[in-house]
Amino acid sequence: MNDEIQRPDPDALLLQADESGRGKLKIWFGACAGVGKTWAMLQEARRLREQGLEVLIGIVETHGREETAALLDGLNVLPRRATGQNRHPEFDLDAALARHPAVILMDELAHTNAPGSRHPKRWQDIEELLDAGINVMTTVNVQHLESLNDVVGGVTGIRVRETVPDPFFDAADEVVLVDLPADDLRQRLKEGKVYIGDRAERAIENFFRKGNLYALRELALRRTADRVDEQMRAWRDSQGREKVWHTRDAILLCIGENTGSEKLVRTAARLAARLDSVWHAVYVETPRLHRLSEARRRGILRTLQLAQELGAETATLSDPSEANAVLRYARDHNLGKIIIGRRPTRRWKRDSFADRLGQLGPELDLVIVALDEPVSLPASPLSDNRVLSDKWRMKLRGCIAAALLCTLVTLLGRWVLPGVDSVNLVMVYLLAVVVVALRYGRLPSVVATVLNIIAFDLFFVSPTGTIAVSDVQYLVTFGVMLAVGGIVGNLTAGVRYQARVARYREQRARHLYEMARTLSRALSQQDIAQALPRSLDITLQARSELMLPDENGELVATGESRLSAVPDRAIARWSFDKGQPAGAGTDTLPGVPWQIIPLKSGSETLGLLVLEPLNLRQLMIPEQQRLVETFTVLIANALERVALSQREAVSRLAAEREQLRNALLSALSHDLRTPLTVLFGQSEILTLDLASEGSKHAVQASAMREQTLNTIRLVNNLLDMARLQSGGFSLRAEWMALDELIGSTLRMMAPSLGGRKIELDMPEDMLLIHVDGPLMERVLINLLENALKYVGAQAAIGIRARTQARQWLTIEVWDSGPGITQGQERQIFEKFSRGSKESALPGVGLGLAICQAIVDIHGGKIHAENRPEGGARFVMTLPMKEPPLIEEYQ
């Protein structure tokens with residue numbers, strides 16, 4: 001028994017075999033903290049160690065749980081490394097790579113590493129371990145998945161800040177769900193097995209409310225079920241998809257050629273909503289479908305569009321057999337419930353489609369819905385009647401051709417080739433049937449078969465001249481001629497029809513290819529407009545025009561207009577704004593001779609395509625409408641690509657221009673700084689000497705010193721802006737009192753203030769903030785200098801500070817001057833931007849731009865506005881340093 005227990009585990013052997021390649025990732029997945037993920041992972045680690053594998057504890061957080069800590073006994077634990085300025089203990093990635101264990105445990109997959117670590121996230125550390133061939137076991141909760149972050153935030157009211165990308169989670173080799181009922185988890189909280197002390201009480205009242213636990217548990221179960229479903233599909237694909245596996249409810253709706261399928265669509269939508277399942281809607285293009293009237297084919301497409309609007313995934317299948325096409329689609333997508341319609345029929349009439357589907361797919365569940373009596377569609381004199389007349393005209397021509405060919409064969413057999421045996425003559429008659437069927441279709445071929453039998457009986461079977469038969473065996477000959485003629489004619493007509501359909505599809509594919517190739521070479525909107533006539537005129541038999549918005553948003557024709565009638569501008573604007581088609585063949589102004597189609601990319605309308613068909617009926621054919629929709633998608637994609645290319649070129653040019661300007665400013669600033677520093681020192685010495693001697697030139701020397709100081713500040717602004725743009729600023733945040741920051745700023749501004757009083761409105765309690773002191777002083781100095789420059793000597797200036805819910809600090813620098821020109825509240829923060837009254841004042845317009853850049857790197861915001869009581873104010877909002885609210889629940 002002992003020998004049997006120590007036998008190597010197959011999973012352990014697989015882990016050892018994969019050591020040379022990329023490591024395997026195993027995730028213990030749960031709804032929230034406390035369900036037992038870490039405990040289960042440690043149990044697996046101990047099992048693997050007993051199998052002889054080297055197991056290393058990289059990071060395991062016990063959170064004071066004695067049961068979890070006890071499982072660490074006997075396992076090798078990797079010492080942590082002090083990281084960052086605070087020397088926070090973090091995972092030592094280099095040490096783990098150097099030891100290269102078979103398995104390493106990395107708890108809390110979504111953890112954010114301390115500043116100074118190699119990677120900002122723990123899952124990135126795990127990625128490097130996997131690349132090194134180390135197998136990793138880790139844990140994560142459902143709220144940390146990026147795709148579910150908003151859902152969890154809406155349910156619990158708490159936004160989780162640490163997330164894991166879904167592709168990383170999906171790429172795991174194995175995901176183990178650790179589940180625990182909500183009542184059991186809350187009991188564990190009360191017993192202190194999850195959190196200790198007051199934390200457990202707070203958790204029960206907030207994050208671990210029973211409703212939250214139910215929702216999180218459902219999310220975890222569904223996410224795991226989706227992963228298992230993908231694995232099942234992959235396995236089915238590898239095994240050939242022979243049958244549908246009823247692992248989950250999935251619906252396939254079959255849309256037929258009869259009217260009334262809207263009831264089927266709504267029934268399928270209600271059933272899918274009730275089962276909370278996915279559903280698909282398909283219709284099969286068969287040769288019979290193409291022989292339907294235009295109105296009935298358009299009705300099928302409308303039904304398919306209705307299904308798509310109700311949430312179905314739609315598809316159009318092409319197959320001579322409807323049952324085979326539906327069965328193949330159902331097995332490819334693992335759809336187990338098939339919904340089909342049934343009309344009231346006579347007792348002797350059976351639903352052959354349902355029978356065939358049941359025989360071919362015995363594993364399928366057939367849901368048959370009773371449909372209403374078919375409603376006869378109104379025939380359009382312009383379309384259906386004309387189609388029917390053309391159809392019968394062609395059949396009449398075929399019947400005449402059949403009679404002519406029958407006469408020709410009879411003449412050849414009677415007078416030109418009188419010695420031909422009757423059997424060979426029958427083959428010549430059958431050849432005539434094939435020719436008629438190949439050229440004119442089924443009905444003329446049947447007529448040709450009947451005429452050939454009559455002619456053969458009259459002229460070649462004794463007694464000739466009558467339809468009487470003296471030899472009974474000729475009746476068999478007539479029957480065989482009729483059967484073979486009918487079969488050959490039917491098959492030949494089917495082949496002819498299939499060839500015509502294939503020719504049409506090849507033509508459509510060629511036109512699409514030519515359009516895609518032409519648009520892929522277009523480099524501008526003009527190129528796209530010039531490519532349209534060459535493709536659309538031939539394919540759609542219609543004149544076209546491309547309308548795009550100009551700089552003012554007005555729709556203008558791009559390229560040369562070829563329309564006989566200019567579209568109404570109001571209709572074009574309506575179609576552009578609403579994103580809906582208008583004109584012929586639509587529900588909006590169907591009587592006009594043109595059709596306006598919006599070119600949409602996502603939710604944005606890029607322009608309009610105007611078509612003026614030479615033959616309106618030809619353009620309204622459903623297949624042509626689908627081709628038009630495909631063309632509009634290609635044109636919209638080309639317009640979007642051109643717009644993105646143009647924006648990318650503008651952005652690249654702006655970046656290069658900005659880089660060149662920053663380099664020039666930096667070079668000039670460095671060259672100016674040294675002589676200005678010398679000049680300031682000499683002017684200050686001169687001012688002091690002249691003042692001590694009581695010279696009358698002391699005032700001029702002092703003015704020289706002030707102007708030199710202003711120039712130095714200007715150069716410093718130029719240098720600071722160049723450093724901010726190049727990323728050369730490193731934030732050195734430290735704790736300091738807000739009163740100290742503002743007092744230091746006012747002391748530095750004392751010479752410029754000249755005894756002017758600054759009104760202060762500060763919080764009564766001492767407020768500590770975590771900022772870069774010198775940088776924030778620069779912001780306040782620039783704001784105060786800006787106020788002194790424009791408000792005048794009599795205007796008041798003040799600083800006001802307030803906190804918002806202990807999360808944000810608002811600092812406001814206000815004045816009672818003339819205020820900001822309307823519409824320039826945002827523009828004044830741009831580089832080198834100056835107000836209309838600044839032309840006579842010193843400066844180059846960088847002060848406020850520097851303020852905004854410094855506030856941005858602190859994670860705050862700054863804006864300007866006019867005060868209701870007069871003057872302007874600049875409001876700076878900074879985040880207050882606080883521990884993350886969700887940290888104790890992760």
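The values are calculated or read from the model by the stated rules, or taken from the named source; none is laboratory data. Nothing here was measured: the structure is a model prediction, and the numbers come from that model. So basically every Cβ, Gly included, is an ideal-geometry build from the backbone, and we count neighbours across all protein chains shown. Note: areas computed on protein heavy atoms with side chains; ligands, DNA, RNA excluded. Shrake-Rupley method; radii C 1.70, N 1.55, O 1.52, S 1.80 Å.
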Just grab the label-to-label distance for Glu50 and Ser651, each label 7 Å out from Cα along the Cβ direction, in nm (one decimal).
5.7
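Relative to the compact-globule scaling 2.2 N^0.38 Å, provide the ratio for the alpha-carbon radius of gyration of the stretch 585-648.
Ratio of Cα Rg to 2.2 N^0.38 Å: 1.27.
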Whichever lysines have a C-alpha closer than 22 Å to that of Lys24, once near sequence neighbours (fewer than 8 apart) are set aside
Lys37, Lys121
Could you work out how much longer the chain between Ser520 and Thr464 gets when fully extended? Use 0.36 nm per residue separation minus the Cα distance between them, nm to one decimal.
13.0 nm
If N is the residue count of the stretch 764-821, its Cα Rg over 2.2 N^0.38 Å rounds to 1.31
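Per DSSP helix of 4 or more residues, -39500 (n - 2.57); summed, then divided by the residues of the chain. What does that give at 222 nm, rounded to the nearest 500?
Numbers: 29 runs with 453 residues, N = 890.
My calculation for the chain gives -17000 deg cm²/dmol from helical runs alone.
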Rounded to the nearest 10 degrees, the helix 569-578 long axis (Cα) sits at an angle to the longest Cα principal axis of the chain of 70
Please give the contour-minus-distance gain from Val476 to Arg222: 0.36 nm per residue of separation, less the Cα-Cα distance, rounded to one decimal in nm.
84.5 nm
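Would you please give the FRET efficiency between Trp245 and Thr316, computed as 1/(1 + (r/R0)^6) with r the Cβ-Cβ distance and R0 = 25 Å, to the nearest 0.05? Before the final figure, lay out the partial values.
On the way: r = 26 Å, r/R0 = 1.02.
After rounding to 0.05, the efficiency reads 0.45.
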Given 0.36 nm per residue, what is the gain on full extension from Gln794 to Lys881 after removing their alpha carbon distance, in nm?
27.5 nm
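Of Ser147, Ser277, which has the most accessible area and how do the rest follow, probe 1.4 Å?
My answer, sorted largest first, is Ser147, Ser277.
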Nearest 5 percent is fine: what portion of the DSSP beta bridges confined to the chain is antiparallel?
50
Under 16 Å from a point 7 Å along the Cα-to-Cβ line of Arg161: which residues of the stretch 112-152 have their amide N that close?
112-116, 120-122, 144
Amide H contacts of Thr139 (H built 1.01 Å from N, under 5 Å, at least 5 apart or other chain):
Trp28, Glu108, Leu109
Residue-level accessible surface for Thr303, protein heavy atoms, 1.4 Å, Å²
10
Give me the accessible area of Lys193, 1.4 Å probe, in Å² rounded to the nearest 10.
80
quick shape note, the chain: Cα extents on principal axes in Å, largest first -> 153, 92, 49
Given a 1.4 Å probe, how much area per residue of the chain is accessible, in Å²?
53
Sorting Glu66, Glu777, Glu90, Glu629 by accessible area (1.4 Å probe), largest first, what list results?
Glu66, Glu629, Glu777, Glu90
Accessible-area ranking of Asp815, Asp671, Asp92, Asp173, largest first, probe 1.4 Å
Asp671, Asp173, Asp92, Asp815
Would you list, by chain and number, the lysines whose Cα falls below 30 Å from the Cα of Lys263, excluding same-chain residues fewer than 8 positions away?
Lys243, Lys337, Lys349, Lys578
Straight-distance crosslink candidates among lysines, where the alpha carbon sits under 25 Å from Lys861 and sequence neighbours closer than 8 are dropped:
Lys789, Lys831, Lys881
For the chain, the accessible surface attributable to carbon and sulfur atoms (probe 1.4 angstrom, ligands and nucleic acids excluded) amounts in percent to 54
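Would you please report the Å³ per residue occupied by the convex hull of the alpha carbon atoms in the stretch 398-472?
Measuring per residue, one finds 85 Å³ for the Cα hull of the stretch 398-472.
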Kirkwood-based Rg over Rh for the stretch 109-240 (C-alpha set), two decimals?
1.01
Using a 1.4 angstrom probe and counting only protein chains, how large is the accessible area of Lys600 in Å², to 10?
90
